[in-house]
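Asks: I am attaching a structure below and will ask some questions about it afterwards.
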Amino acid sequence: MKSFFFRWLKGMDAQNRLAGLPKEEQYRLGVESGEFLKTIHEVDVVTEGMEDWGAIFNRKVERNLKRYLECGLSYKDEKFYLNAIETYKPLIQKRPQTFQHSDFHIGNMLLTDKNELRIIDFDRWDFGDPWEEFNRIDFTAEVSGAFATGQLNAYFGGRPPQEFFELLLFYISSNTLSALPWAMGYSVKEIQTIQDKAARVRKWYKNSNSAIPSWYDVEMLSMYEKT
């Protein structure tokens, strides 16, 4: 069988090159990445017999909570993340499972000299809720909100449903809590980096009653319709 995995691809890190591109081009490439992800999730896999996703991820989030609460450090806005987990955790029940890239964010994308997008690092592939695949979109949005917006619009064929944004906040919150005890195993500098990142993410949700991050630009929907 022909292999579609390569040891080396020519290109530059997308996160280093993206900021220098016009906003419209950032959005176009985001649309392309969303279409790539949708194709990945359409890979035909047998999910019969798999454990229910709610049970799988509930164990993970409970483990993340335990490690965070016992690590001895905390975020200034920890209540926001804890509340988001408690509020939206019921949504993980009955979620479908698909093939996942499992590390899908701007850091694992390349741009060729012709601005062609390439996805790399499939070594962490897994199965799970396809919407959980966006749990690292915060890394992407920090580089380009236009790219992240395009990714979502293309994946959903328009504006994502409200339930998606609520689950996204849940998954990002779970990751954020797990990141702090992880950083403690490295350095004081890494701890500060993680704390700063959590504070920046919190600013995307200034309105605590909304699960839609501020970087999502609904006005760009018309641009998606033209692509």
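Asks: Could you pull out the trypsin sites (Lys or Arg not before Pro) across segment 118-227 that fall in loop regions by DSSP (anything but H, G, I, E, B) with no more than 12 other Cβ atoms inside 10 Å? Before the final figure, lay out each step's value.
Replies: Numbers: sites: R118, R124, R136, K189, K197, R200, R202, K203, K206, K226; in loops: R124, K206.
Passing both the DSSP loop test and the Cβ count: R124, K206.
Asks: Rounded to a whole number, what is D in µm²/s for segment 12-226 from Stokes-Einstein with the Kirkwood radius over alpha-carbon pairs (25 °C, 0.890 mPa s)? If you can, show how the numbers build up before the last one.
Replies: On the way: Rh = 18.0 Å.
Translational D for this selection: 137 µm²/s.
Asks: By how many nm would the segment from D196 to C71 lengthen if fully extended, with 0.36 nm per residue of separation less the alpha-carbon distance? Please list the in-between numbers first.
Replies: On the way: separation 125, 0.36 × 125 = 45.00 nm, distance 1.75 nm.
Full extension of this stretch gives 43.2 nm more.
Asks: Under a Cβ-only charge scheme (Lys and Arg +1, Asp and Glu -1), can you give me the dipole magnitude of the chain about the Cα centre, in debye to the nearest 20?
Replies: In total the dipole reaches around 540 debye.
Asks: Return the calculated 222 nm mean residue ellipticity for the chain, to the nearest 500 deg cm²/dmol, obtained by summing -39500 (n - 2.57) across DSSP H runs with n ≥ 4 and dividing by the residue count. All intermediate terms of the calculation are to be shown ahead of the outcome.
Replies: On the way: 9 runs with 115 residues, N = 227.
Rounded to the nearest 500, the figure is -16000 deg cm²/dmol.
Asks: Please give the contour-minus-distance gain from T87 to F156: 0.36 nm per residue of separation, less the Cα-Cα distance, rounded to one decimal in nm. It would help to have the intermediate numbers written out before the result.
Replies: Values: separation 69, 0.36 × 69 = 24.84 nm, distance 2.37 nm.
Once the chain is fully extended between T87 and F156, it gains 22.5 nm.
Asks: Arranged by the count of other C-beta atoms within 10 angstrom, fewest first, what order do Y75, Y155 take? Each step should come with its number before you reach the end.
Replies: Values: Y75 20, Y155 23.
Ranked by crowding around the Cβ, least crowded first: Y75, Y155.
Asks: Additional query: Just want the ordering: M220, M109, M12, M184, from fewest to most Cβ atoms lying within 10 Å of their own Cβ.
Replies: Final ranking by Cβ density, sparse to dense: M12, M184, M220, M109.
Asks: Going down the list K79/K189; K60/K189; K66/K206; K60/K94; K66/K89, which pairs span over 18 Å between their C-alpha atoms?
Replies: Values: K79/K189 24 Å; K60/K189 26 Å; K66/K206 26 Å; K60/K94 16 Å; K66/K89 16 Å.
Checking Cα-Cα distances, K79/K189; K60/K189; K66/K206 exceed 18 Å.
Since every read-out is calculated from the coordinates, none of them should be taken as a lab result. Small disclaimer: the values here were computed from a predicted structure and weren't measured. As a convention, Cβ positions derive from the backbone with ideal geometry for all residues, glycine included, and neighbour counts pool all protein chains shown.
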